[in-house]
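Trainee: First the structure, which I've put down as structure tokens, then a few questions once you've had a look.
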Amino acid sequence: MHVSNGADRLKRWERAMELPLLAASPLFLACYAVVVLAHGADPLLIDLAVALALLIWAVFAVDYAVRWVLSGQGPRFVTAHWLDTVVLLLPLLRPLRIVNAYAVMRRRRGEPRLSLHGRVMSYASIAAALLGFAAALAVYQQERGVLGATIITFGDSVWWACSALTTVGYGDVTPVTPLGRLFAVGLMLCGLALLGAVTGSFSSWLLQIFGREDPARGDDRPRDEDGPPGS
């Protein structure tokens with residue numbers, strides 16, 4: 001479906017929604033944390049947190065639909081914006097939207113940005129921390145009170161999430177429920193990807209640093225070392 005002046009209207013919509021989306025992402029995670037961690041609190045508080053989380057999800061759904069229509073891409077929008085599609089279908093991945101919104105805000109305001117390596121490491125670290133927290137909440141919600149569970153407290157769940165993200169996997173606490181194990185597989189895959197991004201970016205940065213030093217050292221060599229042996 002073609003929309004007149006769709007590109008300009010899309011830019012205006014994205015600029016108008018940047019701040020609301022940036023605020024909505026951590027608020028959604030906070031509401032989910034209240035639902036999971038305050039399960040013994042006043043039911044009214046739980047109901048308010050659930051209602052607010054659903055409202056925030058609706059905001060993201062409306063934003064996705066509007067951008068789909070204004071883009072004029074039709075079904076291709078789903079694959080072209082795969083991250084937004086996955087985040088919409090799996091709200092627990094909402095922390096990824098925080099990183100994206102933060103990057104957009106910095107570009108909008110023209111603030112000095114870090115180098116490519118610095119951005120990769122910074123965004124990967126933020127995403128890992130937020131995803132680890134979200135996964136710890138999700139697994140704790142599934143595991144608590146289950147017969148034979150080793151994840152008894154939220155602290156146990158955080159410990160498990162840290163070991164899964166870093167690919168250490170001590171095995172002292174592990175999910176036993178089907179959904180808990182499904183969340184674990186997803187977190188492990190995300191941990192591998194994020195760890196690979198940070199490690200690769202750091203290695204590339206070191207190679208660049210050493211690459212700048214080697215030519216400088218080569219210029220300082222004695223003149224007779226530049227010629228072939230026996231010259």
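The values are calculated or read from the model by the stated rules, or taken from the named source; none is laboratory data. As the structure is a prediction and not an experimental result, all values here were calculated from the model. We place every Cβ from the backbone using ideal geometry, glycine too, and count neighbours over all the protein chains shown. Remember, those area values only see protein heavy atoms, side chains included, never the ligands or the DNA or RNA. Shrake-Rupley method; radii C 1.70, N 1.55, O 1.52, S 1.80 Å.
Trainee: Only one of (1) part of a helix (DSSP H, G or I); (2) within 29 Å of ILE152 (Cα to Cα) fails for ALA7. Which number is that?
Mentor: So ALA7 meets the others, but not (2).
Trainee: Just wondering, is there one or more residues in the stretch 65-81 that are small (Gly, Ala, Ser), surrounded by 15 or more Cβ atoms within 10 Å (Cβ to Cβ), closer than 30 Å to THR153 by Cβ and in contact (Cβ under 8 Å) with a residue 12 or more places away in the chain?
Mentor: To start, the set of residues in the stretch 65-81 that are small (Gly, Ala, Ser) comprises 65, 71-72, 74, 80.
Subset that is surrounded by 15 or more Cβ atoms within 10 Å (Cβ to Cβ): 71-72.
Cutting the leftovers down to closer than 30 Å to THR153 by Cβ gives us none.
Checking the stretch 65-81: not a single residue is small (Gly, Ala, Ser), surrounded by 15 or more Cβ atoms within 10 Å (Cβ to Cβ), closer than 30 Å to THR153 by Cβ and in contact (Cβ under 8 Å) with a residue 12 or more places away in the chain.
Trainee: How many residues, within the stretch 162-198, are modelled with pLDDT under 75, assigned to a helix (DSSP H, G or I) and surrounded by fewer than 17 Cβ atoms within 10 Å (Cβ to Cβ)?
Mentor: 2
Trainee: Here's a follow-up. Would you please list the contacts, defined by Cβ atoms under 7 Å and residues six or more apart or on different chains, that run from a residue in the stretch 13-30 that is under 14 Å from LEU93 (Cα atoms) and among the hydrophobic types (A, V, I, L, M, F, W, C) to a residue that is open to solvent by less than 60 Å² (accessible area, probe 1.4 Å) and not in a helix (DSSP H, G or I)?
Mentor: PHE28/ARG94; LEU29/ARG94
Trainee: Still on this structure: Quick check on my filter: what residues within the stretch 121-161 are in a helix (DSSP H, G or I), open to solvent by 60 Å² or more (accessible area, probe 1.4 Å) and in contact with an Asp or Glu (Cβ under 9 Å, 6 or more places away or on another chain)?
Mentor: Once the filter is applied, which keeps residues that are in a helix (DSSP H, G or I), open to solvent by 60 Å² or more (accessible area, probe 1.4 Å) and in contact with an Asp or Glu (Cβ under 9 Å, 6 or more places away or on another chain), the stretch 121-161 yields only TRP159.
Trainee: In the stretch 67-89, is there at least one residue being among the hydrophobic types (A, V, I, L, M, F, W, C), farther than 29 Å from SER122 by Cα and modelled with pLDDT under 85?
Mentor: no
Trainee: Turning to a different aspect of this structure: Would you say VAL62 is under 25 Å from ALA127 (Cα atoms), open to solvent by 60 Å² or more (accessible area, probe 1.4 Å) and among the β-branched types (Val, Ile, Thr)? Even if it seems obvious, please write down each step before you answer.
Mentor: Details: under 25 Å from ALA127 (Cα atoms): yes; open to solvent by 60 Å² or more (accessible area, probe 1.4 Å): yes; among the β-branched types (Val, Ile, Thr): yes.
Yes.
Trainee: Of the residues ALA49, ALA33, which single one is within 21 Å of the chain's Cα centre (by Cα), surrounded by 15 or more Cβ atoms within 10 Å (Cβ to Cβ) and within 19 Å of ALA136 (Cα to Cα)?
Mentor: Working: ALA49 fails: within 21 Å of the chain's Cα centre (by Cα).
Step by step, each of ALA49, ALA33 is checked, and only ALA33 is within 21 Å of the chain's Cα centre (by Cα), surrounded by 15 or more Cβ atoms within 10 Å (Cβ to Cβ) and within 19 Å of ALA136 (Cα to Cα).
Trainee: Could I ask something else about it? Pick out, from the stretch 20-89, the helices (runs of 4 or more DSSP H) lying fully within it that include 2 or more residues that are touching a strand residue (DSSP E or B) at 6+ places or on another chain (Cβ under 7 Å). Give the steps one after another, and end with the answer.
Mentor: Values: elements: 43-71, 76-80, 82-89.
Ranges flagged: none.
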